[in-house]
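J.: Okay, here's the structure, questions in a sec.
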């Protein structure tokens, strides 16, 4: 039988006065008064118990339970110090002190609370403790007083021991002990058990309370249901706290609240969020550009030259080994590594936003938007995560209790612009939009939000019609000054993940792309010496190229990189670099100038409208399937049928939007 | 009869986005609002989920920077039905 069941059935075996139980331990003696020490967890209750009983303590599980209860002897000093007095208070008093488990209330929500309830008020009056000492944290008074409120309804003698006064002082909270005593209707003593402060006063209060009848129980509304009764207690607590405390300090919480009035406002909040994100992208692209150019020059110049020279020195120059190392690894992985400064800066800025507490405000803004357009409130959580990486975001849909909401959200997550796509956006932005690269990248993030909203509305209007929307409340942390240590740690963890992907999946993809670009399709051509457009890679890409003609990027170079991008978006740039590194000498372009080669390709494929074609390409990249890892995660979370539906949906949305953007854009650019 | 708990529950139902906003709309102090929410969570009338912004799905246990992290945990609250 559990403690809760015992409590419910009132089995008369649990009593603080039955000290013969093994687990009950030793007290001061059978005739000594029994004082029960109760209180919410972390209010200094056990510290007080140790301070009052010293080493004279026994601990153990209460019989029939797994709940630990300590019992000890408290030698309370004389409270009457009159010379020659012979009254009972002039002699020390031995008290049996029982340290009950921490409990917020007498409601048996846990075994601890069930036992506390049973021992304090469960048994007959003669088996109850003579008095309860309830510890209360002065810095969190409201949270501690619910237990006091319940005990005050029972007519049990009680003394409130007010702890953590130093913490309350630091927070600018002043508790008026006299006012609290008057409002609660029981003695209140401020103590500091860690420094043994106020223990004499507590002994006097306890001895005084033992000598008088318990106060009348606090009246409660008759015939009230459980919630009404709890509400009545909270109303009483609110009145007590208001009368007995004053907050003098304007702490960080208050400052945060003032800022939040603006930052989370219905109209201004989203605008501030958009401005912050625009600033992040603008700062990232502007500051990182020179570093990126330096690394690009380093990989395409000295590193490539040194590798070629070294291979010639060992007799491997102009062989397939040079092709793999120079056109494959250095061109592919090297190009991706030029994005390390950019990703570092981006991760630092996002870590600063996160550590400062702003990202949590962004969640509020996003959540409000979601609910206004009829999407489930909690869906914004995995969607926000999706802007980092889609894979954990889809796993995160498990927090949604409704299965249909989980499927809907998992279908929307791939439309969030993950950081892997960011590298391609930045590269396209710098090639086609120059000084406005940051704005172009920001535009892709805005487009991502618009796509999610429109696709979400379309799905809710058809497949998920009539699904209820659950309300949601967020407990925002206070703003804080970001710490260098945490920002550096978070940045490093994310950068390490980026580098691991670059050197893992991307390395394999680079080798795979190089292999396909080296295999000839025509007889008479040697492995590794075939023009890319005549390789297996080039021929296969040319077969799918016509599909992208209405979108303006129907070149085999662009089409092939989208196929590679299905594996992972980081591979888009590396495969492009590989393609042009091989093709450039044939075309006579400047070695290493990938941007010029890409621009020329788009000018040609779009019929002289490279800007709308580039935008269409970026939007296609944004909306189509993020990577195989995302597909695998979707398959695990929502099953094969919905995953295939999702992949089809992404391709349809991506192609439709890309075509629309190009066809409309070519009218203006 | 409408007390602090009923008022807080009504605001959660209505979709008031933050605890500070709930405190402002109900006229309760922020401390009483937080204590009321804690009580509603313990009594099972509200459910709380950790918002995994910037955090791994498995929570702090699987996070490489858990040892150095000093961020407060952000919770989302919803009415349990």
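J.: Work out the mean other chain Cβ neighbour count within 10 Å for the residues of A:137-149 and drop it here as an integer. Provide the component values of the computation, followed by the final result.
T.: On the way: counts 0, 0, 1, 4, 3, 12, 7, 1, 1, 5, 0, 0, 0.
Mean partner-chain Cβ count within 10 Å for A:137-149: 3.
J.: Per residue of A:99-106, what is the mean number of Cβ atoms on other protein chains within 10 angstrom of that residue's Cβ? List each step's numbers first, then the result.
T.: Details: counts 0, 0, 0, 0, 0, 5, 3, 0.
The per-residue average across the peptide is 1.
J.: How do A:170, A:45, A:494 rank when sorted from fewest to most other Cβ atoms within 10 Å of their own Cβ?
T.: A:170, A:494, A:45
J.: Per 0.36 nm of contour for each residue apart, how much would the distance between residue A:167 and residue A:534 grow if the chain were fully extended, relative to their Cα-Cα spacing?
T.: Here the answer is 124.6 nm.
J.: To the nearest 0.05, what FRET efficiency results for residue A:660 and residue A:604 with a Förster distance of 30 Å applied to their C-beta separation? Walk me through the intermediate numbers first.
T.: On the way: r = 22 Å, r/R0 = 0.73.
Calculated transfer efficiency: 0.85.
J.: Given R₀ = 30 Å, FRET efficiency for residue A:274-residue A:651 by Cβ-Cβ distance, to 0.05?
T.: The value I calculate is 0.55.
J.: Just order B:13-20, A:258-265, A:117-124 by mean Cβ neighbour count inside 10 Å, highest at the front, would you? Before the final figure, lay out the partial values.
T.: Working: B:13-20: 18.9, A:258-265: 16.4, A:117-124: 20.9.
Averaged packing, sorted descending, gives the order A:117-124, B:13-20, A:258-265.
J.: In peptide B:8-21, how many Cβ atoms from other protein chains are near each Cβ within 10 Å, on average?
T.: Whole-number average of other-chain Cβ neighbours for B:8-21 is 6.
J.: Give me A:131, A:95 sorted ascending by neighbouring Cβ count inside 10 Å, so fewest comes first. All intermediate terms of the calculation are to be shown ahead of the outcome.
T.: On the way: A:131 21, A:95 26.
Placing the least packed residue first, the sequence is A:131, A:95.
J.: Still on this model: If I model a spin label as a point 7 Å beyond the Cα along the Cα-Cβ vector, how far apart are those points for residue A:641 and residue A:243 in nm?
T.: Taking the simple label geometry, residue A:641 and residue A:243 are separated by 6.4 nm.
J.: I need A:338, A:483 ordered by Cβ neighbour count within 10 Å, fewest first. Write down the numbers at each step before the final one.
T.: Working: A:338 24, A:483 16.
Taking fewest neighbouring Cβ atoms as first place, the list is A:483, A:338.
J.: What is the distance in Å between the Cα centres of the range A:316-341 and the range A:450-465?
T.: About 43 Å separates the Cα centre of the range A:316-341 from the one of the range A:450-465.
J.: Given the C-alpha centroids of the range A:216-238 and the range A:109-147, what is the distance between them in whole angstrom?
T.: Centre-to-centre distance over Cα atoms comes out at 17 Å.
J.: Still on this structure, I have one more. Can you give the alpha-carbon Rg of the range A:281-379 over 2.2 N^0.38 Å, where N counts its residues? All intermediate terms of the calculation are to be shown ahead of the outcome.
T.: Values: Rg = 21.9 Å, N = 99, 2.2 N^0.38 = 12.6 Å.
For the range A:281-379, the normalised Cα radius of gyration comes out at 1.74.
Bear in mind these aren't lab numbers, they're just calculated from the coordinates by the rules spelled out. This one's a predicted model, so the numbers in the text were calculated from it and none came from an experiment. Note that each Cβ is placed from the backbone with ideal geometry, even for glycine, and that neighbours are counted across all protein chains shown.
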